[in-house]
Amino acid sequence: MTINEATTAALRDLDTSLCTYGMSEGDRLKKIAALANMAVRLRESAPPHERDWINEALHALAQKHQVPDECVLPHSD
């Protein structure tokens, strides 16, 4: 299974961006918003075979940046 290079790059860029935020409550909320927005965008554009991998990567980023895992959970339709 090959993961789309654009997806990998977007997640890497998101990680880099999240590293620029501090530890204040305002920065924490910005991290949550950035993760949630990226999660929606990636899931909408990803082929079905990439979605599990994207979910794992998003959960890893949420944990790494100490934000609630719920911000990257898929929403039921």
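The values are calculated or read from the model by the stated rules, or taken from the named source; none is laboratory data. Bear in mind the structure is a predicted one, so any value in this text is a computation, not a measurement. Glycine also receives a Cβ, built like all others from the backbone with ideal geometry; neighbour counts cover every protein chain displayed. Just so you know, the surface numbers come from the protein's heavy atoms only, side chains and all, with ligands and any DNA or RNA stripped out. Shrake-Rupley method; radii C 1.70, N 1.55, O 1.52, S 1.80 Å.
So, in segment 36-71, of the ones that are more than 19 Å from Asn4 (Cβ to Cβ), outside any loop (DSSP other than H, G, I, E, B) and of a type in the set (A, V, I, L, M, F, W, C), which residue ends up least open to solvent (accessible area, probe 1.4 Å)? Break it down into steps so the answer makes sense when it comes.
If we filter segment 36-71 for residues that are more than 19 Å from Asn4 (Cβ to Cβ), which is where we start, we get 36, 62-71.
Now restrict to residues that are outside any loop (DSSP other than H, G, I, E, B): 36, 62-64, 69-71.
Adding the requirement that they be of a type in the set (A, V, I, L, M, F, W, C) leaves 36, 62, 71.
Details: Ala36: 31, Ala62: 0, Cys71: 22 Å².
Once the filter is applied, the top-ranked residue is Ala62.
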Counting only residues that are closer than 16 Å to His59 by Cα, open to solvent by 30 Å² or more (accessible area, probe 1.4 Å) and touching a helix residue (DSSP H, G or I) at 6+ places or on another chain (Cβ under 7 Å), how many does segment 18-33 have? 1
The condition of being of a type in the set (S, T, N, Q) and modelled with pLDDT under 95 holds, among Ser76, Ser17, only for Ser76
Using the structure shown, decide if Thr2 is modelled with pLDDT under 95, surrounded by fewer than 11 Cβ atoms within 10 Å (Cβ to Cβ) and of a type in the set (Ser, Thr, Tyr). yes
